[in-house]
1. If A:V90 satisfies every condition in (1) free of Cβ contacts under 8 Å to residues at least 60 places away in the same chain; (2) in a loop (DSSP other than H, G, I, E, B); (3) β-branched (V, I, T) but one, which is the exception?
2. Can A:D81 be described as loosely packed, with under 14 Cβ neighbours inside 10 Å, outside any helix (DSSP H, G or I), modelled with pLDDT under 95 and charged (D, E, K, R)?
3. Show me the helices (runs of 4 or more DSSP H) entirely contained within the stretch A:112-197 in which 3 or more residues are in contact (Cβ under 8 Å) with a residue 60 or more places away in the chain and within 35 Å of the chain's Cα centre (by Cα).
4. So, in the stretch A:12-58, exactly how many residues are out of contact with any Gly (no Cβ under 8 Å at 6 or more places or on another chain), hydroxyl-bearing (S, T, Y) and modelled with pLDDT of 90 or more?
5. Checking the conditions here, which among A:T480, A:T459, A:T468, A:T501 is surrounded by fewer than 13 Cβ atoms within 10 Å (Cβ to Cβ) and outside the structural domain of A:R412 (by TED's automatic domain parsing)?
6. Under 6 Å by Cβ, and 6 or more places apart or on different chains, what pairs join a residue from the stretch A:225-240 that is in a loop (DSSP other than H, G, I, E, B) with one that is near RNA strand B (Cβ under 7 Å from one of its atoms) and open to solvent by 10 Å² or more (accessible area, probe 1.4 Å)?
7. Quick check on A:H260: is it within 13 Å of RNA strand B (Cβ to nearest atom), over 23 Å from A:K119 (Cα atoms), crowded, with 20+ Cβ neighbours inside 10 Å and of a type outside the set (G, A, S)?
8. Can we say A:Y231 is open to solvent by 30 Å² or more (accessible area, probe 1.4 Å), of a type in the set (F, W, Y) and modelled with pLDDT of 95 or more?
Amino acid sequence: MRNGLDKDLIARVLGAEPKWTIAELEAKFPPRDLPDGAFVTRFAPSPTGFMHIGNLYSMLIDYKLASQSGGVFMLRIEDTDTKREVEGAVDLVKNAIRDFGFKYNNDEIYGPYFQSQRKDIYRSVAAELLARGLAYPCFLTADEMEEIRVKQNAAGFATGIYGEWARDRDLTADEIIAHLDNGEVPTIRLYSTGDPNKRIFCKDAVRGSISFPENNEDLVLIKSNDGLPTYHFAHLCDDHFMRTTHVVRGEEWLPSLPLHYQLFNMMGWTPPIYIHTATLDKIDAETGKQRKMSKRKDPENNLAFFLAGGWPTEALIEYLGNILAPGYEEAKLKGAVKTFWDYEMKPKKIPMSGGLFDMKKLEWWAKEYIGAMPVADLVTAVTNWANEYGTDENKMQVADAKYLSAVLGIERDNPKRVRKDFITWKQTLENVAFFWDKLFVPAIDYEYNRDVLRAFLETYDPADDKDTWWNKIVAIAEKTGIKNGDVAMNLRVALAGRTNTPDLYSIMSVMGGDMVRGRIGRVLNG
RNA sequence: GGUCCCAUCGUCUAGCGGUUAGGACAUCGGAUUCUCAUUCCGGUAACAUGGGUUCGAUUCCCAUUGGGACUGCCA
């Protein structure tokens, strides 16, 4: 510990008087009045203009834990890096939260929820640390720090500002004033008293107790360029005063856990319970090796990819949810629960090893999800997607809701035996495109048996019920001397332009007599 | 280099000292069907390696190997 700074110097060093004392802040942000066991969590993205799978992954834990426990889920914007900020990024975040059906509850009294608007809070806490000699102003320039780094590397020491290398940590008040008078703006650094030869024990809800060497780095608490806090300091102040009970974050934060414990200990505050999640990986197509999902290389890392591609958001939730709450899938298959929201997530069971993102399994969840949807809901979902993301052709397909409903309703009447060939809203429309004359692509290379087609036209009556219709097919088969299936196949290809389709009779019923006659006639005349 | 995390079928996992190591996806057969999709039945497939501890290790401990993260006035 060093000598604390006096009030006036603290104000000069911070650029403004601290607005509150710690006691005032404690009163301003009182403990939350919630039932025992309620989780208070937050999703805290940086507004970088990009929402990735990892964001959804951790937000799902936050939201689920809060909602299942009767707690609170907050949205906090971590806009402390003015250089990386992107316009419109906050709306992107909010839209994603809405699209996935999450609701956040930003109670005014714990706000504001933009870190850029919480300067007074950070300044007040920093003032306390400065007064107690647990933080100090540092006037090191970027160039000077680079010099230090070079020296440390050459000598084989760990890089960073610590101990002997921390030039300004024991500056006297007069020396500080001299720097200030010189027009220099300091960063506020932690005055670390940690001893790397001792160990600190930290807790993680998934991994249990983890020990690290104590932190001895004088990390930056408040940056000089804009007076905003670093992640570490913001985390301390915000999660304490927002009364967060559980901090869910990526495992890349594990190494800074000793620092965070140190910070909370210095303030005499209880740290939140940490849940560090493993990263979502994929196999690199070029190297064949497993690696973290990359923003640049992997389009499927971007949530916009799934939204634009028409993936049901619920399928993504079910897929990720099953990873985060192992056993959900089994419970669902057994009928014990209906959706992920009915299944209890246990923090301890959240996996700690990195997982591969499995598109095949996602497809399976999507098929299951769509397969279980009532036709009306399917039509709505597909229509909404087409109108927002679809092509003009897609929009045309959804224009007649009644026809679309008939098309999508094929083989969906028996809930035990629904078709599961719909994966995304987009792919659904592509799958059934042949039902529209404009989109129909005839199979020009197919070798039709024209006798069969002519014979069909002779006896075809759109009003026939299925048995009558089938008996006519059988009769044609006998007459022309080919198999029933071959007769059906000729009709199928003539109508749909392909060899794989749902039930033929249903197709004809939906198409209607004119379209059926038209397409068969087209083959015969063409 | 230093610190830390992780390790069960191809993938995601169950297992918490004694199991024929279970499930799901994928895959491969078979049955059903006018094709496809469904549905049903069945198969292939895993405890990274080496030491301990123990009567007994997938399970506990330690190494090794492999993968990952961090080591910024970015989060």
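The values are calculated or read from the model by the stated rules, or taken from the named source; none is laboratory data. Owing to the predicted nature of the structure, the values given are computational and were not obtained by experimental measurement. FYI the Cβ positions are ideal-geometry reconstructions off the backbone, even for glycines, and counts take in every protein chain you see. Ligands, DNA and RNA are excluded from the accessible area calculation, which covers all protein heavy atoms including side chains. Shrake-Rupley method; radii C 1.70, N 1.55, O 1.52, S 1.80 Å.
1. With (1) free of Cβ contacts under 8 Å to residues at least 60 places away in the same chain; (2) in a loop (DSSP other than H, G, I, E, B); (3) β-branched (V, I, T) applied to A:V90, the lone miss is (2).
2. The answer is no for A:D81.
3. In the stretch A:112-197, the matching helices (runs of 4 or more DSSP H) lie at A:119-131.
4. 3
5. Selected residue: A:T468, the only one of A:T480, A:T459, A:T468, A:T501 that is surrounded by fewer than 13 Cβ atoms within 10 Å (Cβ to Cβ) and outside the structural domain of A:R412 (by TED's automatic domain parsing).
6. From the stretch A:225-240, the pairs are A:L228/A:T80; A:T230/A:V220.
7. no
8. Answer is yes for this residue.
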